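Here the structure is laid out as structure tokens; the discussion comes afterwards.
The values are calculated or read from the model by the stated rules, or taken from the named source; none is laboratory data. This is a predicted model, so every value here is computed, not measured. Because the Cβ atoms are built from the backbone with ideal geometry, glycine has one as well, and the counts that use them run over all protein chains shown. What goes into the accessible areas is simple: the full protein's heavy atoms, side chains included, and nothing from ligands, DNA or RNA. Shrake-Rupley method; radii C 1.70, N 1.55, O 1.52, S 1.80 Å.
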Amino acid sequence: MKKHYIWAVMVSFLLILAACNDTGENDAEDNGNGTDTPEVDQTEEGEVNEEEELLEGALDALSGIDQRYEEATITMEMSLDEELEEELGGEENAETESSTTMHMYSWQMNNEDGTVSERTEIETDGSPVEYSASDDSETSINYTEGDDTAYEIEMLDVEANPAEIQMEEDQIREMMDTHNITYEGETAVNEYDAHHFVFTDGEEEIDYYFDTETFVIVQMEMSSNDGEVTTSMELEDYALDFDYDEGFFQLEDVLDDEIKVEQVAPDEHMEEQLEDEETEDNEA
């Protein structure tokens with residue numbers, strides 16, 4: 001079974017980690033690094049909550065990023081009930097199957113016409129690399145290393161300008177209304193100094209670590225209070241600009257002349273993937 005599809009919901013949430021959005025100006029002070037440092041305002045009643053203002057400033061800074069490269073490792077641990085453990089062949093096999101690791105490279109760039117160019121390369125537990133790329137927010141090309149066919153898929157229409165969709169920031173802002181938030185101070189994540197925020201709501205705990213200079217999220221850890229699911233993301237490297245060749249967002253460096261590009265509708269591609277998974281499971 002291709003474990004990549006276990007992540008269908010999580011990747012859409014974690015590319016919290018990769019969504020680059022250009023929403024215009026924000027009320028912050030430039031720190032000399034090409035990003036904005038949040039400024040704590042004063043009111044007549046006194047000083048506002050500096051921790052909340054710091055988080056708001058971090059989200060504003062993320063909104064101003066229009067180009068980003070990231071290299072990340074994402075892991076997911078799931079506890080399995082006895083029935084599923086037995087189905088997988090016993091506790092030893094179940095422990096192996098309950099842990100999934102993805103290594104992901106991603107590039108995103110907001111274009112002047114409001115579209116977004118993006119590309120991802122994902123390797124899951126040593127499986128072939130899965131590529132996805134789009135240069136116009138209208139169609140994407142999906143290809144799995146070693147296959148003889150790539151798929152050009154029409155992307156879903158959205159009313160909003162693609163470059164204004166703020167998946168990352170909006171999800172965090174929603175949690176600001178539903179979760180308790182504590183600021184744990186600054187800590188080190190790899191070579192980055194990071195602001196550490198913790199969100200809790202009685203059912204889950206999510207830790208975010210924002211680079212103190214750019215406010216890019218360099219680490220995220222999420223766990224359910226019942227201990228059944230634990231997910232984490234950690235950046236090994238990132239940059240707020242990158243060089244690319246013509247055709248990079250069309251996978252021209254990956255697809256040789258022998259690989260056929262087939263145009264399919266999104267639902268047709270999903271059905272084909274599910275059929276492939278079922279075949280692989282039956283063979284296993």
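Cβ-Cβ contacts under 9 Å between residues 6 or more apart (or on different chains), taken from a first residue in region 212-234 that is without any contact (Cβ under 8 Å) to a residue 60 or more places away in the chain to a second residue that is part of a loop (DSSP other than H, G, I, E, B) and surrounded by 21 or more Cβ atoms within 10 Å (Cβ to Cβ), are absent.
Residue check: is GLU213 part of a loop (DSSP other than H, G, I, E, B) and crowded, with 16+ Cβ neighbours inside 10 Å? Yes: the conditions hold for GLU213. Within region 239-284, the residues that satisfy the criterion of being modelled with pLDDT under 60, open to solvent by 90 Å² or more (accessible area, probe 1.4 Å) and among the acidic types (Asp, Glu) are GLU271, GLU275, GLU278, GLU283.
Pairs are defined by a Cβ separation below 6 Å, a sequence spacing of at least 6 or placement on different chains, a first member in region 105-129 that is in contact (Cβ under 8 Å) with a residue 40 or more places away in the chain, and a second member that is of a type in the set (Val, Ile, Thr); the pairs so defined are SER106/THR120; ASN110/VAL116; ASP125/THR101.
Mind checking which residues of region 198-248 are under 24 Å from GLU51 (Cβ atoms) and among the polar types (S, T, N, Q)? Within region 198-248, THR200, THR212, THR214, GLN219, SER223, ASN225, SER232 qualify.
Selection of helices (runs of 4 or more DSSP H) fully inside region 41-122 by the criterion of at least 1 residues being in contact with a Lys or Arg (Cβ under 9 Å, 6 or more places away or on another chain), open to solvent by 20 Å² or more (accessible area, probe 1.4 Å) and modelled with pLDDT under 55 returns 91-97.
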